[in-house]
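Undergrad: Could you have a look at this structure, given as structure tokens, before my questions?
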Amino acid sequence: MTDTLFGRLDLSSLSLWHAIQTPTPSELIAAGAAMAVILGGFGVLALLTWFRLWGPLWRNWLTSVDHKRIGIMYCALALIMLARGVIEGVLMRSQQAFGLHGGFLTPEHFSQLFSTHGTIMIFFVAMPFIAGVINYVMPLQIGARDMAFPVMNQISLGLTATGAALVMISLVLGQFSTGGWANYPPYTGADFQPGPGPDYWIWSIVLAGIGTTLSGINFAVTIYKERAPGMQFLRMPIFCWTVICTSIIMVFALPPLTVAALMLAADRYLDFHFFTNDLGGNMMNYVNLFWLFGHPEVYLLVIPCYGIFSEVIPTFSGKRIYGYMSMVYATMSIAVLSFCVWLHHFFTMGQSANINAAFGIASMAIAVPTGVKTYNWLATLFRGRVRMTVPMIYAIGFFYLFVIGGLTGVMLANPVISYQVHNTLFLVAHFHNVIIPGVLFGLLAGYHFWFPKAFGFRLDERWGRAAACLWIAGFSFTFLPLYWLGLQGMPRRSATFSDPAFQPVMWLALFGAALILAALTCLAVQLWVSIRNRDHLAVPLGDPWNGRALEWSIPSPPPAYNFAVLPQVAARDDFAMAKADGRTFAEPDAYEDIEMPDNTAIGMIVCVCATLMGLALVFWIWWLAVLSFAVMLVALIGRTFRVVTTHVIPAAEIAAAHRAWLARVQAAPAVSRRDETRERNRGRAMLERPTTPEAAE
Amino acid sequence: MTTSNLHPGPNLGDHHGEAHYGAEAIVFGFWVFLMSDLVIFGLVFASYLTVANQMGMAGGPGPAEAFDLRSVFVQTMILLTSSLTFGFATLAMRCNHGRAAIARWLAVSLLLGIGFLTLELRDFAHMIDVGAVPQRSGFWSAFWGLVPLHGVHVASGCLWIGVMLAQMAVLGMIPAVKTRILRLGLFWHFLDLIWVAIFSIVYLGGLMP
Ligand code: HEM
Ligand SMILES: [Cu+2]
């Protein structure tokens with residue numbers, strides 16, 4: 001069945017082939033998705049060729065080691081994958097809406113849908129989006145020129161893209177796993193799923209996971225070692241604190257995932273018995289390893305989003321963050337506690353009641369620092385001059401929905417309740433309830449907040465508001481009803497159900513999913529409209545929101561070297577302070593040459609080789625796996641023989657650009673906060689003192 | 001000689017100028033990587049311990065049938081010695097004893113590393129002979145997941161030493177080469193540490209009555 005040249009890849013691996021032979025709705029949908037991937041891929045290639053964009057794309061993006069460009073590419077990847085993930089979610093909701101004794105999808109196809117949906121949403125939407133925002137914002141906030149390891153940064157992106165590519169290819173060739181996003185053995189072992197599905201999961205997760213570990217190292221070292229003069233730890237914006245905590249989680253929590261997935265690979269490929277049912281295997285080891293990663297992972301996702309809200313809320317309230325120190329302590333305690341609670345994911349799997357109790361209490365403890373943070377955000381709003389811009393709408397949605405999600409989390413942390421609602425839609429409602437308002441709303445708020453920094457123009461406000469309101473309403477209609485269904489005993493991950501009482505609620509949830517689809521459409525339209533109107537929305541001067549941290553003190557988009565002269569930081573919220581004392585926009589005494597890393601193709605080489613290697617492993621094409629690994633290794637070693645990897649930007653060039661920008665800032669009228677969403681706003685905010693004494697705090 | 005200690009572990013010292021100061025972030029980053037690798041080993045150890053019992057062995061051979069303590073002891077000595085010789089290489093670099101001296105000590109460490117691997121492979125062959133293969137039981141899967149993982153690390157360390165010898169010849173002792181040797185040293189000592197744990201937990205622990 002396997003041949004030397006093509007392994008187990010043959011005509012029957014093509015999903016189109018199945019659709020031609022048995023044109024059922026399920027097969028046609030699968031084939032349609034495969035066609036969408038193929039046509040989308042070719043469409044992009046054709047457009048790039050038509051507009052002659054290959055050269056610029058290669059020179060300015062794919063080979064760039066600039067943390068800003070890498071950050072943008074991460075976000076683009078995340079948004080593309082978000083579209084697929086949401087469509088899959090809506091498809092699953094439609095199936096269940098028609099799912100009384102049937103529906104239009106086969107259970108097999110439904111299982112693939114929740115497996116790819118969960119995998120994509122966690123690993124290829126939330127993680128890259130977060131890596132992207134961190135990449136873009138963090139070095140600017142601490143006054144650095146780049147990441148500590150720019151080339152490694154590019155390689156991390158390459159590996160993440162590899163994982164995403166493998167999941168996309170699984171639509172066209174073979175099938176994805178049906179084992180859920182956690183891919184539990186023994187169900188995903190070779191005995192029960194001999195096909196390529198779980199292998200797709202393994203290699204996309206392992207390769208992307210290595211990339212994320214490297215990112216974590218990079219972020220941590222950047223914050224520890226690359227801060228601008230005077231940027232003491234306790235002067236850093238809260239977002240940077242959340243980045244430290246997240247990168248620590250990346251460094252310590254991704255290895256368990258890699259270990260678990262590779263052991264599963266050994267079971268599947270080499271007949272090992274780590275997690276098999278027979279011969280001394282123990283699947284509980286997998287469950288422990290997976291959740292030793294999985295629980296910290298959810299905090300890896302949400303902590304930076306707390307950081308984003310901690311930037312957005314003070315800025316749009318015109319105040320500084322309330323309770324800075326307690327914010328820092330709360331973030332650190334959440335990061336530490338996140339490693340101590342993994343067992344609450346398997347309360348029902350046979351450990352003693354005492355262990356369950358201990359982990360239940362530890363889980364509930366996380367609510368304490370989270371509560372501290374919530375109070376701090378509310379106190380920041382209190383008597384501020386709040387402007388309801390798009391990021392603030394997301395923040396408001398986050399406040400009330402996240403509290404509901406958090407409270408149901410405390411319920412689930414109680415083993416007694418967990419036994420009751422185990423594996424029901426209650427759980428699905430809970431985690432979407434924390435992950436969509438907490439993570440996705442946070443990221444979308446960050447997207448609107450920093451977009452003008454990245455591209456030099458604002459996003460259209462009206463479409464943005466529509467999208468935000470639709471997200472909030474859509475989320476509420478889709479997921480809050482699932483709590484009720486879960487309490488009534490509707491199991492998760494089931495394609496059909498038999499109790500007619502569930503039917504109306506399923507329809508309600510489908511209505512919500514339609515609103516979410518509309519929200520996503522609004523986001524796409526908004527991007528298109530904003531690009532078309534970019535001249536009206538332009539904010540090149542760099543500070544459209546009366547910002548507080550260093551990233552707002554430079555032009556938009558920032559030059560490759562970020563800061564013409566490294567800032568000398570004197571206080572927390574240094575830029576806001578500088579505006580208040582009139583220290584801003586002074587010409588520096590002298591400019592210096594700046595040394596910047598050269599572009600390199602190594603990240604692309606790694607990405608292409610790793611993708612080929614992953615595919616080869618999935619389809620048992622051993623020669624290709626060995627060859628692509630060897631090429632990757634040789635390229636990496638070869639790269640270390642390069643001596644000169646940087647170039648110098650002369651001081652004169654920097655001085656000219658900086659002086660020109662300063663002149664434009666000085667000439668521009670300062671814009672008051674009332675006008676910040678109007679065309680008048682070119683990115684020079686007027687300093688408006690708070691009107692009440694408390695707000696000055 | 002040195003005035004500023006910029007990172008944990010041996011520092012090159014101020015007299016190395018750019019190489020010394022440039023090492024700060026790079027070596028720190030490598031420590032963070034090692035912490036992450038330590039987590040990997042810790043988890044693989046933990047998985048091993050959960051199946052190091054009768055149930056995990058599933059009626060197959062146990063440690064007593066498959067381990068050769070004498071050979072393992074020799075391997076231990078060889079690896080510990082290689083750490084010592086690597087230390088000499090680092091010192092030679094720090095005290096500017098010249099490229100030849102550094103290369104000599106690196107080459108000795110490399111040979112010891114290869115010697116270790118050879119003995120280890122011989123042990124593995126013996127285990128395969130007595131049926132202690134990973135496919136036999138959960139216990140042997142865990143063993144083969146842990147000990148060869150260390151072996152693969154040693155092999156990559158050997159490859160890395162080879163690359164460094166080549167770079168010293170081609171590029172000379174430029175700052176990048178120096179900081180790479182510093183990091184390689186950390187890696188090499190780290191592997192020693194893991195081996196001590198393997199020796200005590202897997203081999204001594206396995207053979208304890
Ligand atoms: C945006 C609209 C979304 C919709 C309509 C949606 C819908 C669904 C549905 C129907 C399921 C299957 C539930 C079941 O097993 O019965 C599911 C599972 C899941 N979703 Fe979503 N979802 C959405 C967004 C997200 C987001 C943003 C994330 C994470 C960032 C996410 C993560 C997950 C995960 C991890 C699972 C579990 C997969 C598994 O069972 O293994 N979802 N979602
Ligand atoms: Cu958890």
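The values are calculated or read from the model by the stated rules, or taken from the named source; none is laboratory data. As the structure is a computational prediction, the values presented were derived from the model and not from experiment. Note that each Cβ is placed from the backbone with ideal geometry, even for glycine, and that neighbours are counted across all protein chains shown. The protein model used for the area step is the full one, side chains on, heavy atoms only, and it has no ligands, DNA or RNA in it. Shrake-Rupley method; radii C 1.70, N 1.55, O 1.52, S 1.80 Å.
Undergrad: Just how large is the dipole of segment B:93-208 about the Cα centre, in debye to the nearest 20, putting +1 at every Lys and Arg Cβ and -1 at every Asp and Glu Cβ?
TA: It comes to approximately 540 debye.
Undergrad: Kindly identify the protein assembly as shown as rounded, prolate or oblate by the Cα gyration tensor criterion: order the square roots of the eigenvalues as a ≥ b ≥ c, call it rounded if a/c is under 1.5, otherwise compare a/b with b/c, prolate if a/b is larger, else oblate.
TA: It is oblate, given that a/c is not under 1.5 and a/b is not larger than b/c.
Undergrad: With point charges of +1 on the Cβ of Lys and Arg and -1 on the Cβ of Asp and Glu, referenced to the Cα centre of segment B:93-208, which listed residue (B:Gly98, B:Ile201, B:Gly151) lies farthest in the positive direction of the dipole?
TA: B:Gly98
Undergrad: At what distance in angstrom do the alpha carbon centres of segment B:70-136 and segment A:72-113 lie from each other?
TA: 52 Å
Undergrad: Please give the helix A:197-225 orientation as an angle from the longest Cα principal axis of chain A, in degrees from 0 to 90, rounded to the nearest 10.
TA: Result, in degrees: 20.
Undergrad: Looking only at other chains, what is the average number of their beta-carbon atoms within 10 angstrom of each beta-carbon in A:252-262?
TA: Averaged over the peptide's residues, the number is 4.
Undergrad: So for each of A:102-112, A:78-88 I average, over its residues, the number of other beta carbons within 10 Å; can you give me the resulting order with the highest mean first?
TA: A:78-88, A:102-112
Undergrad: Using Cα atoms only, what is the angle between the long axis of helix A:651-667 and the major principal axis of chain A, expressed in degrees (0 to 90) to the nearest 10?
TA: 80 degrees
Undergrad: Distance from a point 7 Å along Cα→Cβ of B:Leu159 to each backbone N in segment A:170-203: keep the residues under 11 Å and list them by number.
TA: none
Undergrad: D for segment A:335-483, whole µm²/s, Stokes-Einstein with Kirkwood Rh over alpha-carbon pairs at 10 °C and 1.306 mPa s: what number?
TA: The diffusion coefficient I find is 93 µm²/s.
Undergrad: How would segment B:24-97 be classified by its alpha-carbon gyration tensor: rounded, prolate or oblate, with rounded meaning a/c under 1.5 and the a/b versus b/c comparison settling the rest?
TA: Since a/c reaches 1.5 but b/c is at least a/b, the shape of segment B:24-97 is classed as oblate.
Undergrad: If r is the Cβ-Cβ distance from A:Asp598 to A:Gln351 and R0 is 56 Å, what FRET efficiency results, to the nearest 0.05?
TA: According to the calculation, E is roughly 0.55.
Undergrad: Using a Förster distance of 60 angstrom, determine the FRET efficiency expected from the C-beta separation of B:Asn5 and A:Phe585, and round it to 0.05.
TA: 0.90
Undergrad: How well do other chains shield peptide A:272-284, expressed as the mean number of their Cβ atoms within 10 Å of each residue Cβ?
TA: 6
Undergrad: Of all alpha-carbon pairs in segment B:93-208, indicate the percentage at a distance above 18 angstrom.
TA: Of the Cα pairs, 58 percent sit more than 18 Å apart.
Undergrad: So how much slack lies between A:Asp535 and A:Leu48, counting 0.36 nm per residue of separation and subtracting their Cα-Cα distance, in nm?
TA: Length difference between fully extended and current span is 172.9 nm.
Undergrad: Sort A:Tyr184, A:Tyr224 by heavy-atom solvent-accessible area, probe 1.4 angstrom, most to least.
TA: Result, largest first: A:Tyr224, A:Tyr184.
Undergrad: In addition: Could you tell me which residue out of B:Phe41, A:Ala144, A:Gly384 lies farthest along the dipole of the protein assembly as shown toward its positive end? Charges go on the beta carbon: Lys and Arg +1, Asp and Glu -1, centred on the Cα centre.
TA: After comparing all options, I get A:Gly384.
Undergrad: Angle, helix A:622-639 long axis vs. longest principal axis of chain A, Cα atoms, 0 to 90°, nearest 10?
TA: 20 degrees
Undergrad: Quick one: order A:Cys245, A:Cys607 from most to least accessible surface, probe 1.4 Å.
TA: A:Cys607, A:Cys245
Undergrad: Please work out how much accessible surface A:Arg385 shows to a 1.4 Å probe, ignoring ligands, DNA and RNA, in Å² rounded to 10.
TA: 100 Å²
Undergrad: Just want the answer: with Cβ charges of +1 for Lys and Arg and -1 for Asp and Glu, which residue in A:Phe629, A:Gln503, A:Ile70 is farthest toward the dipole's positive end in the protein assembly as shown?
TA: Towards the positive end, the residue furthest out is A:Ile70.
Undergrad: Using 0.36 nm per residue, how much length does the chain from A:Glu688 to A:Tyr184 gain when fully extended, once their Cα-Cα distance is taken away?
TA: Here the answer is 175.8 nm.
Undergrad: Rounded, prolate or oblate: pick one for chain B, where a ≥ b ≥ c are the square roots of the eigenvalues of its C-alpha gyration tensor, a/c under 1.5 means rounded, and failing that, prolate if a/b is larger than b/c, else oblate.
TA: Here chain B falls in the prolate category.
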